[in-house]
Amino acid sequence: MTPTVGGSGKVHDNEMRRRESLAAGVFLLPSFVLFAAFVLGPIVFSFGLTLFSWDGLSSATFVGLDNYRTLFQDPEVHTVLINTGIFVVGDVAAKMLIALTLAALVHRFLTRWLQTIFRGIIFFPVIVSGVAIGIIWQWMMNTSLGLINYYLVEIGMQPIAWLDSSAHALSSLIVVDVWRSVGFSFVVFTAGLQGISAQLYEAAAVDGASEWSRFWSITLPLLSPTTYFLLVINLINAFQFFDLSYVMTQAGPGDATRTIVYYIYDTGFHFFRFGYASTLAIMLFAILAVFTMIQVRMSRRWVFYQ
Amino acid sequence: MEQQKPTTSGAPDRRTFLTNTAKIAAGAAGAGAIVAANPIGAMAEQDRLRSLTLRAKAVANLNFILPGSTADQVNWNNFSKQFTAKNPNIKVAVQVVSITTWSSYFAKILTQVAGGKAPDIIGIATEGARLFAAKDLALPLDDLIKRDEAELGDFFSDINPKLISPFKIGGKTIALPYSWNNMVIFYNTKMFKKLGIPTPKANWTGQDFISAAQKIQASGPFGYGLWPSGTFGIVCWMYAAGGAMLDPTLTKSTATLPQNEVAMQFLQDLRWKYKVAPAPTDAYLTLFQAGRMGTVSAGRWPVAGFISAKFSDYDVQYLPTLGPGRKNIFGVGANPIYKNAPHAEEAWTFLKYLATKEFQEANTALGASIPARRSVAYDMHAMVPPHNFRIYYDSLNSTEAIPAPAQFNEMESAVTAQYTKLMANEITPKAMLAALDAQLKTVLAQKV
């Protein structure tokens, strides 16, 4: 006789599920409290602030949608969006390409021992303070007194106004930011490369595939989840770029290196217009959300999971 | 030397405990003897002692924030100790903050206030006076000044009234000036002598200045160090040409005045036409001190650094005249008391200490900015170097305050942005001033 699963068994299952849910809730509670206090709360508060005019000192005044109206009429928003767009494209593309190239070369040609040293060297700037990096590079890139121009002049070239001209300042910041943070992408790409089975390359080599075809047909597709992850992270970081511009160019010359986050900082903490600063922050949030959604959608076409 | 052992959790160690117990016992025995001898007088004495004890226990801890350098921090710690030695119930923790522009400093202060960590006393300058008044952050001092009129009479008779004017806003006085700055040219005397450049006279012209800078540049060092950013070092040149950035009511832009164009053209030419100045750099004073720049413009604030670096090959002269109706600029340092400071009375005692001749002499001798007191500003023991120090206080006869409306931070941001474009040679002085004018109109229309 087979045992029957009667009503009492269902009750028991339900009881078990209830207890598990309760336990899960208890375990999740501390995280949720922290999330609510430090993430959700400030987001909701920021949304609320967009409807007010507030200087952080006196009481806030309800202004309805005025801050949103200002957002669409503010010519500075146009400038900072263009600057940020250029920075994001240049910074993310350079970082991804350089990191992938370096990771592939190091993985392919260096011994394990040399790989470790090389990884350490490339990753080192990631752990250095952005302000310290900014100060050092600001001195190196100084038009009249900097180390880089000193050597350019020594070899008979004209000095370049790295940080003092609108034509070069943003590109100079991209160069420094890529130098500063390419190590992170490099390490993640290296980890991705190490996860690809050597057998696949051996099989391809036996079939006569060239080095380039192996990279194109095996490495790149199998690295796509890593590439996707880095693309999302680097894009978000690039949109939030601030520190090097603050230290090295103070958003100048003129507004040449003023990015969205710089403008949010100035509006909030320099001009004490926290309502409008929150509106700008919400705009950035919306831009990031849209870009991330596009990436998620697009990823279905080009990201392959083994 | 015996070192005192640290105690845990603030509890007294055995030795301190025994010493205190002995003191209390001795005090009690003394009080007992007084009571026995004169009961009524003893009661009064007891009240007085009790009051003193209570006051001694209630030490007021003040927080004072002001801009400055690492060397200033050491000096201020010493002044704080000297003040506490005279006023044992008041301790002043001084926090000296390194700044690049006044607006970034005010941003820091207001963020502290908004975060509920307002200092009791806040070092500001003319640049922040109206901003602080508009935000209603400063305690009006008029009643205290009136109450202590006799004590402060000497101070008020020893200062030029211009120095307190920036802090009289809406009929209220929010601070007492203790030091100030104008803008003068610092020049390397050794370099001038070596190159045969005549000692600059008070009425030297822009052309005289360019000639001197060209000779210096030709000999190796840079002729002049351009001001890196901020309003003070830009508007001073407009004043030197007889111009102004705002009208006297600080509500209208006068940026497009032709005199301002002369001044901005002069600065742009120094770098791009005459090539006697490198790109503006924050290190301009260090370069001057190192002998890599022949001239720079500043107030008296670099003197402290020059003294500590034992650099003395310099003197000062007024900015060259760029046009008729030239003026000198000035900005005053003062220390408002935060309106909700819990120890306002004690903070006021500290402000009165900063107004004393004794403090101002000592502070000036360390190389601080120009003292508010006339007698100290003309005292060569306190003011040398530089040797031509008399031009500092003399300049007050023809000075105009830095334009500092309540929207100072926004204004400074606009000024710096346009100035950096000018210095990058990406805009003509005329176009720069037109753009600045448009920005200033928007900024001044904003409610603070």
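The values are calculated or read from the model by the stated rules, or taken from the named source; none is laboratory data. A quick note: this is a predicted structure, and the numbers were derived from the prediction, not measured. Every residue, glycine among them, receives a Cβ derived from its backbone with ideal geometry; neighbour counts consider all protein chains shown. Just the protein is used for accessible areas: all its heavy atoms, side chains included, with ligands, DNA and RNA removed. Shrake-Rupley method; radii C 1.70, N 1.55, O 1.52, S 1.80 Å.
List of remarks:
- For B:Leu62, distant residues with modelled amide H under 5 Å away: B:Lys91, B:Val92, B:Ala93
- Peptides B:241-248, A:297-304, B:70-77 ranked from most to least packed, by the mean per-residue count of other Cβ atoms within 10 Å: B:241-248, B:70-77, A:297-304.
- In this structure, the amide hydrogen of B:Tyr318, modeled 1.01 Å from its nitrogen in the peptide plane, lies closer than 5 angstrom to those of B:Ile185, counting only residues at least 5 positions away or on a different chain.
- Based on the convex hull around the alpha carbon atoms, the stretch A:1-117 presents an average projected area of 20.0 nm².
- Rotationally averaged projected area of the stretch A:225-306 (alpha carbon convex hull; nm²): 6.4
- The protein assembly as shown, accessible surface, carbon-and-sulfur percent (1.4 angstrom probe): 63
- Take the Kirkwood radius over Cα pairs of the stretch B:158-201, plug it into Stokes-Einstein at 20 °C and 1.002 mPa s, and you get 154 µm²/s for translational diffusion.
- Rounded to the nearest 100, the interface formed by chains B and A buries 1900 square angstrom of accessible surface, both chains summed, with a 1.4 Å probe.
- Within chain A, helix-based [θ] at 222 nm, where runs of 4 or more DSSP H residues each add -39,500 (n - 2.57), nearest 500: -22500 deg cm²/dmol
- In this structure the amide hydrogen of B:Gly225, modeled in the peptide plane, comes within under 5 Å of the amide hydrogens of B:Thr295, B:Val296, B:Ser297, none closer than 5 places in sequence on its chain.
- Averaged over B:415-426, number of beta-carbon atoms from partner chains that fall within 10 Å: 6
- Summary value for chain B: 22 percent relative contact order, contacts being C-alpha pairs under 8 angstrom separated by 6+ residues.
- Shape annotation for the stretch B:69-156: C-alpha extents along the principal axes are 37, 31, 24 Å, from largest to smallest.
- For the stretch A:33-38, 3J(HN,Hα) per residue [Karplus equation, 6.51 cos²θ - 1.76 cosθ + 1.60, θ = phi - 60°, Hz, x = Gly/Pro]: 4, 5, 4, 5, 6, 10
- Counting only the Cα atoms, chain B fills a convex hull of 181 Å³ per residue.
- The largest-to-smallest principal axis extents of the Cα set in the protein assembly as shown are 109, 84, 62 Å.
- Stokes-Einstein D in µm²/s, Kirkwood radius over Cα pairs - the stretch A:49-202 at 4 °C with 1.567 mPa s viscosity: 67
- Long-range lysine pairs (8 or more apart or interchain), the stretch B:140-237, Cα under 28 Å: 11
- For the stretch A:178-286: span of alpha carbons on each principal axis (Å, largest first): 66, 27, 18
- Using the Stokes-Einstein relation with a Kirkwood hydrodynamic radius computed over Cα pairs, the translational diffusion coefficient of chain A at 25 °C and a viscosity of 0.890 mPa s comes to 104 µm²/s.
- Where N is the number of residues in the stretch B:333-437, Cα Rg divided by 2.2 N^0.38 Å: 1.51
- Shielding value for A:269-278 is 4, the average number of Cβ atoms from other chains within 10 Å of each residue's Cβ.
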